[in-house]
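Reviewing the structure listed below.
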Amino acid sequence: TVVPIIIVSVLFYFTARDESKLLELSDKPAHTINVVGYQWSWGFNYIEKVEGQPAPAGNEVPKELDAIPDKFQKDFPADATGVYDAGIPGTRNPQNGNPGPTLWLPKGEKVRFVLTSRDVIHSFWVVPFLMKQDVIPGHTNVFEVTPNREGTFMGK
């Protein structure tokens, strides 16, 4: 029994070490996207300053971002108005015709994903990122990536 316990302990150590490195967050990411899981699809809230839209009054947060805890809202841009883009199975990417939600990202800039869900357990997976996170109602998961190419990314 001692040898298997040692083996499991060593594997646990390396897993915990690597997982904490992968989930490490920067102080201020260049972009923040709230990914909202709902039945059969995703919605993307691109949290950015949008020309032509007034900044929220005081510390008011757009209603689409209500599910995000305050500790993650502190890293939002001060004048962010948010853009909501719902990806549903019936929509298609205008560039390549792929179905469903399409993620639009810049190259070489750190992007933070804040994963929330109102009512369903879901998994957020973008294949090129080699990262899959579960989304559970009432629990917020966060991770960051820096895309190495500009463009669109299809979610699974």
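Observations on the model:
- Residue count for region 131-156, restricted to those that are more than 11 Å from the chain's Cα centre (by Cα) and either modelled with pLDDT of 85 or more or farther than 24 Å from W40 by Cβ (or both): 10
- Those strands (runs of 3 or more DSSP E) lying entirely in region 100-156 with at least 1 residues within 20 Å of K21 (Cα to Cα), of a type outside the set (A, V, I, L, M) and in contact (Cβ under 8 Å) with a residue 60 or more places away in the chain: 111-117, 122-126, 141-145
The values are calculated or read from the model by the stated rules, or taken from the named source; none is laboratory data. The structure presented is a predicted model; accordingly, all values stated were derived computationally and were not measured. When we count neighbours, we look across all protein chains shown, and the Cβ atoms used for this are built from the backbone with ideal geometry, even at glycine.
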